[in-house]
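Asker: Supplied in structure tokens, the structure appears directly below.
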Amino acid sequence: MIPAAFEYQAPTSVDEAVRLLDQLGDRAKVLAGGHSLIPIMKLRLAQPEVLVDIGRIGDLRQISQQDGRIAIGALVTHNEVMRNDALREGCPLLAETAAEIGDIQVRNRGTLGGALAHADPAADYPATILALDAEIVAQGPGGRRTIGASDFFTGMLSTALASNELLVEVRVPTYGRGTGGAYLKLPNKASHYAVVGVAALVRLDGGKVASLALAITGAGAQPLRARAVESALQGQTPSEDAVARAAGSAADGLDLLSDIHGSADYRAHIARVFAKRAILEAVRRAGG
């Protein structure tokens with residue numbers, strides 16, 4: 001299908017983009033990589049009056065290290081996240097997750113910021129962003145503010161971003177020996193979206209779990225941390241039996257989806273299975 005008619009704006013700075021968004025409000029949509037927005041515009045599920053194309057803002061394409069964190073511009077592509085040396089060494093969980101997204105065409109065009117702002121319930125990044133306790137930086141007319149990952153996703157296809165704010169940067173922590181991460185998913189064979197995806201980040205101390213962050217995407221209307229699983233393994237030796245028992249609570253609190261790709265019961269089962277697998281793999285990588 002052909003999208004409804006729209007006006008087109010291509011700002012060359014963040015300030016200019018924010019001014020446009022402030023003026024246009026809900027009449028505008030931001031275009032980054034376009035892999036999410038353009039298809040739904042063609043289906044006329046979205047009919048913005050104005051497209052604000054931020055693709056010419058070079059400042060949003062940078063990756064830098066700052067005080068133990070890696071700052072990633074919103075327009076950094078999935079392929080760049082996957083291949084960046086600083087991320088592969090300092091935050092391999094995010095690089096690994098990027099490698100699981102779509103196919104080579106999607107990874108070369110789609111962006112980290114665009115994927116997070118779209119907040120598709122079956123996207124891969126949200127689980128990892130939650131497990132890493134990342135920070136999302138937004139800029140609006142009043143300046144910049146930082147949103148914690150746990151506060152960013154507010155529902156299906158919705159986030160804490162205001163209509164006049166632009167997601168400009170994502171900050172993730174670096175980690176080293178003694179900490180391991182893993183992202184595993186059951187992919188939809190056609191789209192490669194996650195029917196269920198699970199991200200785990202484990203820090204070991206003396207062979208016991210000093211900290212665990214576990215987050216699930218795909219299973220519910222929005223990504224969530226599996227707090228019951230995290231609490232069950234805190235301070236425990238992560239044996240296979242202990243992890244399996246804790247993973248039994250992986251679907252607790254999820255607003256489970258049920259569609260042609262899987263029923264709610266099926267997704268709950270897969271969440272438990274992949275939670276166990278992701279935790280055990282993260283423990284192995286942490287040196288356990």
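Values in this text are rule-based calculations from the coordinates and carry no lab data. Treat the numbers as computed from the prediction; the structure is a model and nothing was measured. Note: ideal-geometry Cβ built from the backbone for every residue, glycine included; neighbour counts use all protein chains shown.
Asker: Quick check: residue separation of R245 and I104 times 0.36 nm, minus the Cα distance between them. What number comes out in nm?
Answerer: Values: separation 141, 0.36 × 141 = 50.76 nm, distance 3.74 nm.
Answer, rounded to one decimal: 47.0 nm.
Asker: In the chain, what % of DSSP beta bridges are antiparallel (nearest 5)? Before the final figure, lay out each step's value.
Answerer: On the way: 45 of 52 bridges.
Roughly 85 percent of the DSSP beta bridges within the chain come out antiparallel.
Asker: Still on this structure, I have one more. Determine the principal axes of the Cα atoms in region 114-234, then give the extent along each, sorted from largest to smallest and rounded to whole angstroms.
Answerer: 48, 36, 23
Asker: Using r as the Cβ-Cβ distance of R88 and E16, and R0 as 45 Å, what FRET efficiency do you calculate, to the nearest 0.05? Don't skip to the end; give the middle numbers.
Answerer: Details: r = 33 Å, r/R0 = 0.74.
Rounded to the nearest 0.05, the efficiency is 0.85.
Asker: How high is the relative contact order of region 181-286, in percent, with contacts defined as C-alpha pairs under 8 Å that are six or more residues apart? Before the final figure, lay out the partial values.
Answerer: Working: 221 pairs, mean separation 33.1, N = 106.
Worked out over region 181-286, it gives 31 percent.
Asker: Tell me, in nm to one decimal, what length is gained between A210 and N188 on full extension, where the rule is 0.36 nm per residue of separation less the Cα-Cα distance?
Answerer: Numbers: separation 22, 0.36 × 22 = 7.92 nm, distance 3.39 nm.
Gain on extension, A210 to N188, equals 4.5 nm.
Asker: Ok, one more. Express in whole angstrom the spacing between the alpha-carbon centres of region 254-280 and region 1-52.
Answerer: 34
Asker: Please sort by residue number the trypsin sites (Lys or Arg not before Pro) in region 106-197 whose DSSP state is loop and whose Cβ has at most 10 other Cβ atoms within 10 Å. Walk me through the numbers before you get to the answer.
Answerer: On the way: sites: R107, R109, R144, R145, R171, R177, K185, K189; in loops: R177, K189.
Within region 106-197, the qualifying trypsin sites (Lys or Arg not before Pro) (loop, at most 10 other Cβ atoms within 10 Å) are R177, K189.
Asker: Quick one: in region 176-231, what % of C-alpha pairs are over 18 Å apart?
Answerer: I get 40 percent for the Cα pairs in region 176-231 exceeding 18 Å.
Asker: Given all pairs of different Cα atoms, what value in angstroms does the Kirkwood hydrodynamic radius of region 58-173 take?
Answerer: Working: mean 1/r = 0.0716 Å⁻¹.
When all Cα pairs of region 58-173 are included, the Kirkwood radius is 14.0 Å.
Asker: If you don't mind, another one. With viscosity set to 0.692 mPa s and temperature to 37 °C, compute the Stokes-Einstein D of region 7-53, Rh being the Kirkwood radius across alpha carbon pairs; µm²/s, no decimals. Could you put the intermediate results ahead of the total?
Answerer: Details: Rh = 10.9 Å.
After rounding, the answer is 301 µm²/s.
Asker: Could you work out how far helix 14-24 tilts from the main Cα principal axis of the chain, as a 0 to 90 degree angle to the nearest 10?
Answerer: 70
Asker: Same structure again: Using the alpha carbon gyration tensor of region 181-286, what are the three equivalent-ellipsoid semi-axes (square root of 5 times each eigenvalue), largest first, in whole Å?
Answerer: Working: eigenvalues 120, 35, 21 Å².
One finds semi-axes of 24, 13, 10 Å for region 181-286.
Asker: Summing -39500 (n - 2.57) over the DSSP H runs of n ≥ 4 in the chain and dividing by its residue number, what mean residue ellipticity at 222 nm do you reach, to the nearest 500 deg cm²/dmol?
Answerer: Helix-only estimate at 222 nm: -9500 deg cm²/dmol.
Asker: How much space per residue, in cubic angstrom, does the convex hull of the C-alpha atoms of the chain take up?
Answerer: Values: hull volume 34.6 nm³, N = 288.
For the chain, the hull spanned by Cα atoms encloses 120 Å³ per residue.
Asker: Need the full-extension length gain, A160 to E7, defined as separation in residues times 0.36 nm minus the C-alpha distance. One decimal, nm.
Answerer: On the way: separation 153, 0.36 × 153 = 55.08 nm, distance 2.58 nm.
In short, 52.5 nm is gained.
Asker: Pop a pseudo-label 7 angstrom from the Cα along the beta-carbon direction at both D252 and Q66 and give the gap in nm to one decimal.
Answerer: 3.7
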